[in-house]
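To keep things clear, I will list the structure first and then write my remarks on it.
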Amino acid sequence: MKSSCTPRGALAAAVALVGLAAAAGQERVFDTMHNLSIGGPGTLRAQSEQQVCIFCHAPHHASGVRPLWNHEFSVSSYAIYESSTLNAQPGQPTGASKLCLSCHDGTIALGSVLSRSDHIRMVGGDFLPAGLTNLGTDLSDDHPVSFAYTPGLAMTDGQLANPVALPPDIRLDSASQLQCTSCHDAHRNVHGAFLTRSNEYGALCTACHQMRGWTTCSHTNSNASVANVPDVTWPYDTVAQNACRSCHRPHTAGGHARLLIFDAEERNCLDCHDGRVAHYNIQSEIDKSAAHDPRSYQSVHDPAEPAAITQHHVECADCHNPHAAAAPSMQPGYIPLGATLQKLRGISYAGAPQDEAHNEYEVCFRCHGDTAVPVSGRISRLFDVPNLRLRFSPSNASYHPVVTAVTQLDTVSLIPGLPHGSLLRCTDCHNNDQTRRTGGSGPDGPHGSVNAFLLERNYTVTDNLAESEFEYALCYRCHLRSSILGNQSFSEHRKHIVEERAPCSACHDPHGVSLVGGGSSDRTHLINFDVRIVRPDPQTGLLNFRDLGRFRGSCTLICHGETHRDEAYPEH
């Protein structure tokens, strides 16, 4: 027997079936796009069918599946969402998700109802047209469904809410599985996209996803207006309002594994951090000649990769946690870890993986430590150790004070206001060349620089160039030029730098001198010769420096054609 429900009568039947209360506006299915009858408000509607609920429900001749399901089921096999960071185990869609997909996978005609011998014909075509609502059979780019959301899963993940504490409008099914209906209510469209609660300020996403650092994150609190970007429609006006939706799309995402809007990770960042939305233009920084440029890598980064990165790459998320990064502090003085580096993994100076870095260098050691990335133009040295973790080790005879302070008082050239025992960060040297410290207005951080080695200031490593404040600007930022050229710590500094035109780097290794490797040379005072400039004495075959006490030593080598054979300073 065919149902004789009128549209409003059908709505009443649906209310009886699913326990919904009719209300004004789109509280009623009659007023939503799910009203596919001839009187429906959308472009998808029947040619003549007047009943509303029949497209999904019927009191008779239905499938027997609750709630009186009346639509033909899809027999498709679906590609399921996968991610290295997913602890749940979704399978083929079940329950309510399978019901939703009977229309939303696009394989079954919208009017394929079980209670009729003939399909209901639709205006403009019987199938769901291509678009964001047609999910297809590839669900690898959609939020996972049909998995058990249990307290054990929440505990294992560490950033999921305990399902016991979920708000009442986020519902699991009778098997405690998360389904489409956990986020969508097919009968009400009060919040748009048939969401069960508003997602403004990420309220829907954060009901389940409780990311570490999110409450104080810049993306949570930014009132910056979003930009007009091709292929992207943001639901709200500001970054804070869009929250998770600023970067993620729960359906038909470009970047499948992380549900990112774009497959290229960095584009999700640069669409705001290109000067249009965020305060600083990071894209202009990575366009510079020396840069950590994420555009050079594709599909390499994985959040689940080891803390010590073995497959070399750089992505924004290697140095910034987008769920925790906050605005940098303007306070002066040493800060162990900047606010933009919050909640990142790292490698300790002892080589141990850190779940959460507490010092900036621990983040840098992920790529520049035991698995050191090749650096273009790197100087070949007597003790040639690419591993910066070893070169900064406190057990070395000399090192710049990045990991720990240097307590000896031999460094007499320090500028006023920089006391002995001061600590440095990697970004005190490796930084944008237009920071406030250099008189510019650019962002802090080693995104890009016009200077080689991604340095904040010029540091000449080329032989036979005239000394100037510019050539060794990086050194002179901490070391008084007048002291160095006045020979206060080495009696022949001026001769070597000014008269012989040898660069600071010919003798000194600015990171530190590792104990790794043999040889008779002492490793104090950061002396680690550049072997392109300084070579072994041809007679003895030796290339070494001997520390003979405070401000005293001797060298055996050949440099600029002049042989030093146990040549001491000050002269005997």
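The values are calculated or read from the model by the stated rules, or taken from the named source; none is laboratory data. None of these values were measured; they are calculated from a predicted model. Note that each Cβ is placed from the backbone with ideal geometry, even for glycine, and that neighbours are counted across all protein chains shown.
Some values worked out for this structure:
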| item | result |
| --- | --- |
| Residues that are among the charged types (D, E, K, R) and over 18 Å from the mean Cα position of the chain (by Cα), drawn from the stretch 354-377 | Asp370 |
| The one condition in (1) closer than 18 Å to Pro144 by Cα; (2) buried (at least 19 other Cβ atoms within 10 Å of the Cβ); (3) under 21 Å from the mean Cα position of the chain (by Cα) that Cys180 fails to fulfil | (3) |
| Search result, residues across the stretch 155-185 that are among the acidic types (Asp, Glu) and more than 17 Å from Met211 (Cβ to Cβ) | Asp169, Asp173, Asp185 |
| Residue selected from the stretch 452-467 under the condition closer than 10 Å to Ala502 by Cβ and of a type outside the set (D, E, K, R), by the criterion surrounded by the fewest Cβ atoms within 10 Å (Cβ to Cβ) | Asn464 |
| Residue that is surrounded by the most Cβ atoms within 10 Å (Cβ to Cβ) [pool: residues in the stretch 506-539 that are under 21 Å from Asp566 (Cα atoms) and among the hydroxyl-bearing types (Ser, Thr, Tyr)] | Ser521 |
| Residues satisfying the stated conditions in the stretch 517-552, i.e. part of a loop (DSSP other than H, G, I, E, B), small (Gly, Ala, Ser) and on the phi > 0 side of the Ramachandran plot | Gly517, Gly519, Gly541 |
| Any pair with Cβ under 6 angstrom, 6 or more apart, that starts in the stretch 199-223 at a residue that is acidic (Asp, Glu) and ends at one that is part of a helix (DSSP H, G or I) | Glu200/Gln241 |
| Some residue of the stretch 367-379 being assigned to a loop (DSSP other than H, G, I, E, B) and basic (Lys, Arg) | yes |
| Qualifying residue in the stretch 294-306 (condition: under 20 Å from Arg425 (Cβ atoms) and crowded, with 18+ Cβ neighbours inside 10 Å) | no |
| Helices (runs of 4 or more DSSP H) wholly inside the stretch 188-247 that include at least 2 residues being hydroxyl-bearing (Ser, Thr, Tyr) | 218-221 |
| Conditions (1) in contact (Cβ under 8 Å) with a residue 40 or more places away in the chain; (2) among the aliphatic types (A, V, I, L, M); (3) touching a Ser or Thr at 6+ places or on another chain (Cβ under 8 Å): number failed by Ala339 | (1) |
| One residue from Gly19, Gly40, Gly64, Gly95 being at positive phi and modelled with pLDDT of 95 or more | Gly95 |
| Subset of the stretch 137-159 that is touching a residue at least 60 places away in the same chain (Cβ under 8 Å) and touching a helix residue (DSSP H, G or I) at 6+ places or on another chain (Cβ under 9 Å) - its residue that is surrounded by the fewest Cβ atoms within 10 Å (Cβ to Cβ) | Thr137 |
| Top-ranked residue of the stretch 183-197 - restricted to ones that are farther than 14 Å from His251 by Cα and not polar (S, T, N, Q), ranked as surrounded by the fewest Cβ atoms within 10 Å (Cβ to Cβ) | Gly192 |
| Those residues of the stretch 392-443 which are part of a loop (DSSP other than H, G, I, E, B), more than 30 Å from Gly549 (Cβ to Cβ), touching an Asp or Glu at 6+ places or on another chain (Cβ under 9 Å) and not β-branched (Val, Ile, Thr), in sequence order | Arg425, Asn431, Asn432, Asp433, Gln434, Gly440, Gly442, Pro443 |
| Index of the failed condition, Gly553 passing every other in (1) surrounded by fewer than 19 Cβ atoms within 10 Å (Cβ to Cβ); (2) of a type outside the set (A, V, I, L, M, F, W, C); (3) touching a Lys or Arg at 6+ places or on another chain (Cβ under 8 Å) | (1) |
| Which numbered condition Cys100 misses (of (1) buried (at least 16 other Cβ atoms within 10 Å of the Cβ); (2) at pLDDT below 95) | (2) |
